[in-house]
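**Q** Below you'll find the structure I mean.
The values are calculated or read from the model by the stated rules, or taken from the named source; none is laboratory data. Computed from a predicted structure; not experimentally measured. Here Cβ is always computed from backbone atoms with ideal geometry, including for glycine, and neighbour counts include all displayed protein chains. In case anyone asks, the SASA skips ligands and DNA or RNA and just uses the protein heavy atoms, side chains included. Shrake-Rupley method; radii C 1.70, N 1.55, O 1.52, S 1.80 Å.
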Amino acid sequence: NASLLGILQHPDGTVLKQLQPPPRGPREQEFYNKVYDSDCCDSILLELREYLPKYFGVWSPPTAPNDTYLKLEDVTRKFTKPCIMDVKIGQKSYDPYASAEKIQQQVSKYPLMEEIGFLVLGMRVYHVSSDSYETQNQHYGRSLTKETVKDGISKFFHNGYCLRKDAIAASIQKIEKILEWFEGQKQLNFYASSLLFVYEGSCQATTVRLSDVTLAEKKGVPKGLLSSGDILEYNNNIHVINSTENGKIEASVSKGLSKFYALHKKAYSKRHHSQLSLKVENLEQGNVWKSSTCITQEHLNGNVIPQLEKVFCHMPAEIKESANVEVRMIDFAHVFPSNTKDEGYIYGLKNLITVLKNILDN
């Protein structure tokens, strides 16, 4: 029978991940203990901490003292509308001690692992237009081939209006840091481990007065887009345009609503230890998108939309706040000491970077 091990959110900003049955659970606990040992002075492990969720030891509920949970940082907590993707990395998702049966079972789940070097286990993407999340489970990732993996991953960075190139670029930089770490260490090999990607889906805007012409020129906002004095609110991409009573065009923005975190649960079973199934709790009141998703043609002449696209989707880097993106390594039930570089993981990272760069370039 498949045991469902939830990832539970704690009000203190941590998540609780139930320890898997031996040997996997104890191995993951041992990994975290080693990396976060207060006496640790190994520079490789100290640097590795930057790429993991923070670890706060283990916890057991008073009512069930034999149930052990890892207490980990909730990487999604600081986001208003977190977009989340879980990608398993490596060419083999079975470890060196796996039985022939286990190897066969893992390979048959995704025969392309060896060739592609990664597998999308799940994603949840916030669509600005509908103010809702689109979720894909592990079957989506396993349906991707060498030919379709690029489009499959780009789906994660598309918010219903445009491709979040800022989030892709920031993700590439973060993966490159992790790759550098792997290129410089020969003490640990990782199997069936994942990268967790999180970026901000909501439009928390900064306001710029376009009447400040010098600012507009300096920042490269196309001239003549909006009459002077109008306020353009933006960050990486705000695309819901609202006409105000006086006919001025404004971008409407969801202002810091009280944050409501998604409750994401990972389902574990004998078949698959890391399926991402995410349940979203939505906050209805105070939701500005509801009232402002229509763009009326009488207020906007035909060429404004493409120009707005240009501004909102392709702003010069200096005008954007740096993209709010996290990339963290998670799932360490199959980490083993080694004396060689982790070539399978390195292969996966390099190929993932290649795919992301291809998405950016097209």
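**Q** Calculate the spin-label point distance for residue 114 paired with residue 150, positioning each point 7 Å from the Cα along the beta-carbon direction, and give it in nanometres.
**A** Output for this residue pair reads 2.5 nm.
**Q** Rounded to the nearest 10 Å², what accessible area does residue 73 have for a 1.4 Å probe in the complete protein model?
**A** Result for residue 73: roughly 40 Å² accessible.
**Q** Follow-up. Which whole number in µm²/s is D for the range 24-167 by Stokes-Einstein, with the Kirkwood Rh taken over Cα pairs at 10 °C and 1.306 mPa s?
**A** Approximately 87 µm²/s, per Stokes-Einstein.
**Q** Something else now. R0 = 45 Å: FRET efficiency of residue 40 with residue 139, Cβ-based, nearest 0.05?
**A** Step by step, r from the Cβ atoms, then E = 0.70.
**Q** Which FRET efficiency value, to the nearest 0.05, is calculated for residue 59 and residue 127 with the Förster distance at 35 angstrom and r the Cβ-Cβ distance?
**A** Using R0 = 35 Å, I get an efficiency of 0.50.
**Q** Next question. First obtain the Kirkwood hydrodynamic radius of the range 112-181 from its Cα pairs, then insert it into the Stokes-Einstein equation at 4 °C and 1.567 mPa s, and state the resulting D in µm² per second as a whole number.
**A** 97 µm²/s
**Q** When the accessible area of the range 1-134 is split by element with a 1.4 Å probe, what percent falls to carbon and sulfur?
**A** 54 percent
**Q** With N denoting the number of residues in the range 17-100, provide Rg(C-alpha) divided by 2.2 N^0.38 Å, to two decimal places.
**A** For the range 17-100, the normalised Cα radius of gyration comes out at 1.29.
**Q** Just to confirm, what accessible area per residue do you get for the range 1-145 at 1.4 Å probe, in whole Å²?
**A** Result: 47 Å² of accessible area for each residue.
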